[in-house]
1. Any idea which of (1) in contact with a helix residue (DSSP H, G or I) (Cβ under 8 Å, 6 or more places away or on another chain); (2) at pLDDT below 95; (3) assigned to a helix (DSSP H, G or I) is the one residue 119 doesn't satisfy?
2. From (1) in a helix (DSSP H, G or I); (2) surrounded by 16 or more Cβ atoms within 10 Å (Cβ to Cβ), pick out the condition that doesn't hold for residue 241.
3. Name the residue, out of 165, 139, 152, that is touching a helix residue (DSSP H, G or I) at 6+ places or on another chain (Cβ under 8 Å) and modelled with pLDDT of 95 or more.
4. Please specify each residue of the range 168-218 satisfying the condition of being out of contact with any helix residue (DSSP H, G or I) (no Cβ under 7 Å at 6 or more places or on another chain) and under 19 Å from residue 79 (Cβ atoms).
5. Suppose we filter 64, 33, 25 for residues that are surrounded by fewer than 13 Cβ atoms within 10 Å (Cβ to Cβ), in contact (Cβ under 8 Å) with a residue 24 or more places away in the chain, out of contact with any strand residue (DSSP E or B) (no Cβ under 9 Å at 6 or more places or on another chain) and more than 17 Å from residue 210 (Cβ to Cβ); which single one remains?
6. Please verify whether residue 229 is within 18 Å of residue 52 (Cβ to Cβ) and modelled with pLDDT of 95 or more, treating the condition exactly as stated.
């Protein structure tokens with residue numbers, strides 16, 4: 001999700017560089033009265049946006065790796081919990097109510113969503129999706145405590161198999177906590193970098209998309225609509241996401 005959602009931002013930045021190249025080739029005929037679309041300002045805007053996009057790019061990998069590490073810890077849980085249910089059921093003296101309590105916790109731990117999360121289409125949606133996902137993993141980790149407590153307080157629950165022992169689930173909980181925290185820690189700087197980049201590209205008063213489109217409007221007043229320069233510039237698009 002992360003790399004595909006960055007493509008449009010990078011395209012806007014690359015297109016500004018292309019527009020600057022076209023303007024530079026025009027020479028002295030490009031002389032707007034509007035200082036915001038003067039070549040030097042366009043270049044400064046491009047340099048700022050490019051640097052901010054590079055900051056985002058450098059922070060994407062640590063976040064993606066943290067998400068992958070968390071998934072590696074959480075994904076096997078469904079299989080492990082299904083096997084744990086059988087081990088718990090086989091424990092001497094376990095009641096129907098205790099088994100139902102276990103199943104209630106297991107359902108929460110599996111964290112099945114009724115509605116699948118989709119990729120964001122707006123710049124601020126990545127934060128919303130991350131927040132929902134993070135809350136889900138936090139809740140599942142918290143439910144592991146409830147599972148451990150139930151196992152510890154069930155008389156006769158003392159399996160010989162290591163994979164079903166309480167200490168094994170305590171270790172799983174520690175891994176869940178560590179990987180979930182790592183995702184949160186790597187998301188914060190990434191989200192801050194995205195916010196700065198999005199402000200420059202879309203949200204600031206003199207944002208890249210608006211300024212670039214204004215520069216195009218001016219260019220269309222000084223170029224012949226049948227000229228090769230006009231047609232080349234018309235193909236350079238700037239879109240808000």
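The values are calculated or read from the model by the stated rules, or taken from the named source; none is laboratory data. Here the structure is a predicted model, which is why all the values come from computation and not from measurement. Counting neighbours? That spans all protein chains shown, and the Cβs are built from the backbone with ideal geometry, glycine included.
1. That leaves (3) as the condition not met.
2. For residue 241, the exception is condition (1).
3. On the way: 165 fails: touching a helix residue (DSSP H, G or I) at 6+ places or on another chain (Cβ under 8 Å); 139 fails: modelled with pLDDT of 95 or more.
Being touching a helix residue (DSSP H, G or I) at 6+ places or on another chain (Cβ under 8 Å) and modelled with pLDDT of 95 or more holds for just one of 165, 139, 152, which is 152.
4. Step one: of the range 168-218, the residues out of contact with any helix residue (DSSP H, G or I) (no Cβ under 7 Å at 6 or more places or on another chain) are 171, 174, 178, 181, 185, 188, 192, 195, 198-199, 203-205, 210, 213, 217.
Of everything in the range 168-218, just one residue is out of contact with any helix residue (DSSP H, G or I) (no Cβ under 7 Å at 6 or more places or on another chain) and under 19 Å from residue 79 (Cβ atoms), namely 171.
5. On the way: 64 fails: surrounded by fewer than 13 Cβ atoms within 10 Å (Cβ to Cβ); 33 fails: in contact (Cβ under 8 Å) with a residue 24 or more places away in the chain.
Every option except 25 fails the conditions.
6. Details: within 18 Å of residue 52 (Cβ to Cβ): no; modelled with pLDDT of 95 or more: yes.
No: the conditions fail for residue 229.
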